[in-house]
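The values are calculated or read from the model by the stated rules, or taken from the named source; none is laboratory data. Because the structure is predicted, anything quoted here is derived from the model rather than measured. Because the Cβ atoms are built from the backbone with ideal geometry, glycine has one as well, and the counts that use them run over all protein chains shown.
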Amino acid sequence: MPRGRKTSFTIHLTPAQRQTLLAWQRATIIPAALARRGRIILLLADGMTITDIAASVGMSRRHTYKWVRRFVQHGMEGLQGQQPYDRRIHPRFLNMSDQNDRDIVS
């Protein structure tokens with residue numbers, strides 16, 4: 001008998017989404033993290049609990065919830081990682097350089 005609470009997330013995948021996620025599991029050229037995220041969604045769609053999914057894929061429950069939420073909000077695009085923020089370029093300095101360029105041109 002399964003232990004733990006049932007999750008409030010229910011995911012119903014379209015046949016195209018399921019086929020894409022299954023293809024990610026077999027692919028050898030996509031990042032492993034993307035395949036792992038796809039596996040989380042497949043297991044949840046099959047009715048597995050978040051705790052069991054987290055143990056199965058080797059991820060914490062917190063991060064498992066994070067990827068499920070992203071999928072619910074953004075679909076397949078939500079499983080792609082976000083672009084890292086470049087901390088070396090501060091927006092304030094970008095505005096200053098634009099102003100300096102305007103001063104040089106005028």
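Output yes when any residue across the range 79-96 is under 22 Å from THR14 (Cβ atoms), of a type outside the set (Asp, Glu) and either at pLDDT below 90 or surrounded by 12 or more Cβ atoms within 10 Å (Cβ to Cβ) (or both), and no when none is. Scanning the range 79-96, I find at least one residue that is under 22 Å from THR14 (Cβ atoms), of a type outside the set (Asp, Glu) and either at pLDDT below 90 or surrounded by 12 or more Cβ atoms within 10 Å (Cβ to Cβ) (or both), so the answer is yes. Within the range 1-37, which residues are among the hydroxyl-bearing types (Ser, Thr, Tyr) and at pLDDT 90 or above? Those that are among the hydroxyl-bearing types (Ser, Thr, Tyr) and at pLDDT 90 or above: THR14, THR20. For ALA32, the stated conditions do not hold, so it cannot be described as farther than 12 Å from MET76 by Cα and either among the polar types (S, T, N, Q) or surrounded by 15 or more Cβ atoms within 10 Å (Cβ to Cβ) (or both).
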